[in-house]
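Some notes on the structure that comes next.
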Amino acid sequence: MRILKKVLIFITIQFCFCIPVFAGNVHLSSAKISSDGMLSITGSVTELEKEQFVTVVICPIREGSCDFEDIRYIDQKEIKDKDFTLVYALSLDKGVYAARIGGNGITVPQYLIITKDSDLYDIKLGDVDGNGVIEAADSTILLQYILNKAAVILSPLQLKAANVTGNTELTAEDAAWILQKTLNGSVLFPAETNN
């Protein structure tokens, strides 16, 4: 357990220095990839500029972060209204992806973690990224979310999967349990033992 705490402290320190703590002016509310490959992203811009452009980047998540060397889609669109919906026809394999939205006048780009066909199945407890395997990346994604909810948004299914302690709030304790499960697959989450 002492090693686990040291690993979590190291990860937390890394993210404290890597993630900006000021608020941005874009908010993403959802991103869904349907079974036919249509990606729908909804959100809003709080301080709409006269010519507001947003850049959308879709890339797979590997080892807990975006693999920008394997960008699957990139596009720039003009946003004319405060609330927006962007729809793209994509050819993506089943997997875990990040939709990153940035642009002119946007101080903090936002990320939504999405899994292809995520609305078609239930994510298992501890599998935050929805790839079917509980791994250290799930703990990393959860810590990113805990430290900067303005930049990382998880779907309701992902939030449910992340709540391994069964508490009302997601904390680093949930991330620690997920990491412990990756080290010892026989560990039961508190939420599993409380049923």
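The values are calculated or read from the model by the stated rules, or taken from the named source; none is laboratory data. Computed from a prediction, not measured in an experiment: that's the story for all the values here. Note that each Cβ is placed from the backbone with ideal geometry, even for glycine, and that neighbours are counted across all protein chains shown.
Annotations for the structure displayed:
- Residue in the range 173-181 that is farther than 22 Å from Ala31 by Cβ and in a loop (DSSP other than H, G, I, E, B) present: no
- Contact map, the range 74-87: residues that are at negative phi paired with residues that are part of a loop (DSSP other than H, G, I, E, B) and modelled with pLDDT under 85, Cβ distance under 6 Å, separation 6+ or inter-chain. Pairs shown: Lys82/Leu48.
- Among the residues of the range 122-147, those that are closer than 18 Å to Asp67 by Cα and among the charged types (D, E, K, R) comprise Asp129, Glu135, Asp138.
- Of the residues making up the range 134-165, those that are part of a loop (DSSP other than H, G, I, E, B) and at pLDDT 85 or above are Ile134, Glu135, Asn163, Val164, Thr165.
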